[in-house]
Amino acid sequence: VKLAGEFNNPGIYPISKGTTLSELYDRAGGLTNQAFPLGGILTRESIQLIESEALARSKAELSEILASAAASGFLKQNSTDLVGLIALMTSISNAQPVGRLVTELNPSQFRKNPGFDIVLEDGDAIYIPEMQNTVTIVGQVLNPVTVPHTVGATFDDYLKLAGGIKKEADKNKIYALLPNGEAIQRKGGVLFSSLPYLSFNREDILPGSTLVI
């Protein structure tokens, strides 16, 4: 397993069957004081293979749809649909399987919930970045921007900093892409502790997040 970023002793570590995240963290001397585990990334070769197969299946299915539509004469009557199909096929062709496993990488959470302390696989790679203190707002807003993170600030607070949403925006589909890869919609929820010294509500936007409108 490769450990990179804000580990006290990053590097490549041999593992045996059943080695867990917490065991490997201990062997690496834990995280540095600048570590931001909420933005950590764990990639896995087996997941990358699954994603690659899924992309290949999607491309094949779209090719069949395109061929069927062309043979039936549907595309001649609905040429705008052809543009959409080709754009989708191009997007899938350019997509690269990442193999990211969205999971808890904050060691303080392993003790509270042992279920987060997952077993590692050969070829896994874990990257822990430095602390991030910004939030990015993109999509149908008047002024897409990146702004400093504020503890307690909500979706609406950040949308105001971007000048508000455009008339074309779908208000029901606004969501935040959290730095760990999880996505949450604009609604309330329960309180949870994400760092030893910070607690956030599910309505809060975590540092390093991207708001998508």
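Some observations on this one:
- Where the chain is the region considered: accessible area per residue in Å², 1.4 Å probe: 57
- Charge dipole magnitude, Cβ of K and R +1, D and E -1 - the chain, Cα centre, debye nearest 20: 500
- Seen against the Cα atoms of the chain and their longest principal axis, helix 45-72 is set at about 10 degrees.
- Computed over protein heavy atoms with a 1.4 angstrom probe, the accessible surface ordering of Val212, Val151, largest first, is Val151, Val212.
- Efficiency of FRET between Val145 and Ala125 - r from beta-carbon atoms, R0 30 angstrom, step 0.05: 0.40
- Computed from Cα positions, the angle between helix 79-94 and the longest principal axis of the chain comes to roughly 30 degrees.
- Maximal additional length on extending the Ala169-Ala70 stretch stands at 32.3 nm, based on 0.36 nm per residue less the C-alpha distance.
- With helices as the sole contributors, the chain gives -10000 deg cm²/dmol at 222 nm; each DSSP H run of n ≥ 4 counts as -39500 (n - 2.57), and the sum is divided by every residue.
- Whether the chain is rounded, prolate or oblate, judged on the alpha carbon gyration tensor where a/c under 1.5 counts as rounded: oblate
- With contacts taken as Cα pairs under 8 Å at a separation of at least 6 residues, the stretch 1-146 carries a relative contact order of 42 percent.
- The distance between label points at Thr154 and Ile50 comes to 3.5 nm (points 7 Å beyond Cα on the Cα→Cβ vector).
- Net lengthening on full extension, Glu182/Met89 (0.36 nm per residue, minus Cα-Cα): 30.9 nm
- Taking a ≥ b ≥ c as the square roots of the eigenvalues of the Cα gyration tensor, the stretch 1-125 is prolate, since a/c reaches 1.5 or more and a/b is larger than b/c.
- Placing unit charges on the Cβ atoms of the charged side chains and taking the dipole of the chain about its Cα centre, the candidate lying farthest along the positive direction among Ile165, Phe110, Tyr127 is Ile165.
- For the stretch 17-111, carbon and sulfur atoms together expose 55% of the accessible surface, with a 1.4 angstrom probe and every protein chain in place.
- Residue-level accessible surface for Leu55, protein heavy atoms, 1.4 Å, Å²: 50
The values are calculated or read from the model by the stated rules, or taken from the named source; none is laboratory data. All values derive from a computational prediction rather than experimental measurement. Reconstructed Cβ throughout: ideal geometry from the backbone, glycine too, with neighbour counts over all protein chains shown. Ligands, DNA and RNA are stripped out before the accessible areas are found, and what is left, the full protein with its side chains, is counted by its heavy atoms. Shrake-Rupley method; radii C 1.70, N 1.55, O 1.52, S 1.80 Å.
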